[in-house]
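Have a look at the structure below, then the notes.
The values are calculated or read from the model by the stated rules, or taken from the named source; none is laboratory data. A quick note: this is a predicted structure, and the numbers were derived from the prediction, not measured. As a convention, Cβ positions derive from the backbone with ideal geometry for all residues, glycine included, and neighbour counts pool all protein chains shown. Note: accessible area is taken over every heavy atom of the protein model, side chains too, but ligands, DNA and RNA are not part of it. Shrake-Rupley method; radii C 1.70, N 1.55, O 1.52, S 1.80 Å.
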Amino acid sequence: MSYIAADAVVAMGGYKTTCEILSVGKPAVVVPRIKPSREQCIRAENLANLGVLAAIQNDLTLDILLRSLLQQLQTPQISQPKINLNGLPKINQYISTLLAKKERDYTNSKLKIQN
């Protein structure tokens, strides 16, 4: 989905949606899902604490949503904190490091058994 033409975004707090919002730098109000897990709430709360977006986690009403959206539209967009959106290469690096360590540990344990 493209948010480029939007003045602001209202969305849930899923990982991909949040990354898209961050990548285009649009004012946003996020209404995270609270069940079955709290991962969207945690993400929205952390980003709201950074001042990147507004999060509505309880008692969603039309009035609260409208006020949050208008506040986001009226707030000058300050430069966003540097958020690394390159998680996939980082995961690849972590897994490669873990596998290399596991292989070294296995090789070392075999050498100890042989000696």
Looking at (1) buried (at least 16 other Cβ atoms within 10 Å of the Cβ); (2) at pLDDT below 90; (3) in contact with a Cys (Cβ under 8 Å, 6 or more places away or on another chain); (4) of a type outside the set (Ser, Thr, Tyr), find the lone condition where residue 13 falls short.
(2)
Is it true that some residue in the range 79-101 is open to solvent by less than 80 Å² (accessible area, probe 1.4 Å), outside any helix (DSSP H, G or I) and of a type in the set (A, V, I, L, M)?
yes
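Results for (1) without any contact (Cβ under 8 Å) to a residue 24 or more places away in the chain; (2) touching a Ser or Thr at 6+ places or on another chain (Cβ under 9 Å); (3) acidic (Asp, Glu), shown as yes or no for each residue.
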{"position": "22", "(1), (2), (3)": "no, no, no"}
{"position": "36", "(1), (2), (3)": "yes, no, no"}
{"position": "44", "(1), (2), (3)": "no, yes, no"}
{"position": "47", "(1), (2), (3)": "no, yes, no"}
Only one of (1) open to solvent by 80 Å² or more (accessible area, probe 1.4 Å); (2) in a helix (DSSP H, G or I); (3) in contact (Cβ under 8 Å) with a residue 60 or more places away in the chain does not apply to residue 112, and that is (3)
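Residue-wise test of (1) modelled with pLDDT under 80; (2) touching a Ser or Thr at 6+ places or on another chain (Cβ under 7 Å); (3) of a type in the set (Asp, Glu).
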| site | (1), (2), (3) |
| --- | --- |
| 72 | no, no, no |
| 91 | no, no, no |
| 95 | no, no, no |
| 103 | no, no, yes |
| 107 | no, no, no |
| 112 | yes, no, no |
| 115 | yes, no, no |
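Okay, residues lined up against (1) among the hydrophobic types (A, V, I, L, M, F, W, C); (2) part of a loop (DSSP other than H, G, I, E, B); (3) over 13 Å from the mean Cα position of the chain (by Cα); (4) surrounded by fewer than 11 Cβ atoms within 10 Å (Cβ to Cβ):
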site	(1), (2), (3), (4)
19	yes, no, no, no
29	yes, no, yes, no
35	no, yes, yes, yes
44	yes, no, no, no
47	yes, no, no, no
52	yes, yes, no, no
64	yes, no, yes, no
70	yes, no, yes, no
